[in-house]
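For reference, the structure is listed below as structure tokens.
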Amino acid sequence: MNGAPWVSPPQADDLNLCLCHSCGLACDMSDEPQACPRCDAELHRRKPNPITRTWAYMLAALVFYIPANLLPVMNTRMLGNGADSTIISGVIEFWQSGAWDIALIIFIASIAVPGIKFVVLTLLLVTVQRRSSWAQVQRAKLYRLVEVIGYWSMLDVLVVALVAALVKFQALSDIEPRPGILFFGLVVLFTMLSAMSFDPRLIWDTQPSEELLDEDTSH
């Protein structure tokens, strides 16, 4: 109605509800249950230690990102001559050979996507620790973007596997994976764990409080 004051809808805390992180059931927390009645998963009003765990996983991914780019990811042998290829050199070789589509996929999945995730997660962590109210809607969208693109980071590993399978059909050529692909797989794993550990509700916790950031350490 025109002129009627806007009333914000009740929140989960107001209704004493908690969403199960495993099956999504809205659980009644009146008796402080420890497990979800439907899937028996442990209940938390907030994700446990979201900031600490997100930082830890992201820094681990950053450490593995260095050897993932410096070490060779595959070795190609043609007519008895072998050569190791890193991610960057592989992108250049595919581009120069005319396979620009494969080169673009590897560049986006191996270099652009991890870099975007590192920047976005760092931005989210710093702003929630400062309890900033800056661009909250946009930051929430950035978090959802990180979740979506995270699953496509394994494209590089799949491309290497596909190229290896194709090359092995040729009698005079061969291709083998190298340690760099293992480190890249670890980068993908830890960036996904980092995104999963972050609690996007922290974006909206802008009022001073001593227990909101890691309040569920006591649960």
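All distinct Cα pairs of the stretch 17-126 go into the 1/r average, and the inverse of that average, the Kirkwood radius, is 17.9 Å. When each of the peptides 103-110, 31-38, 92-99 is scored by the mean number of other C-beta atoms lying within 10 Å of its residues, the order from highest to lowest reads 103-110, 92-99, 31-38. For Asn49, the amide hydrogen comes within under 5 Å of the amide hydrogens of Asp216, Thr217, counting only partners 5 or more places away or on other chains and with H modelled in the peptide plane.
Given R0 = 35 Å, the distance between the Cβ atoms of Ile92 and Lys141 translates into a calculated FRET efficiency of 0.55.
FYI, it's all coordinate maths here, none of it is from the lab. All values derive from a computational prediction rather than experimental measurement. For neighbour counting, all protein chains shown are included, and Cβ atoms are generated from backbone atoms with ideal geometry for every residue, glycine included.
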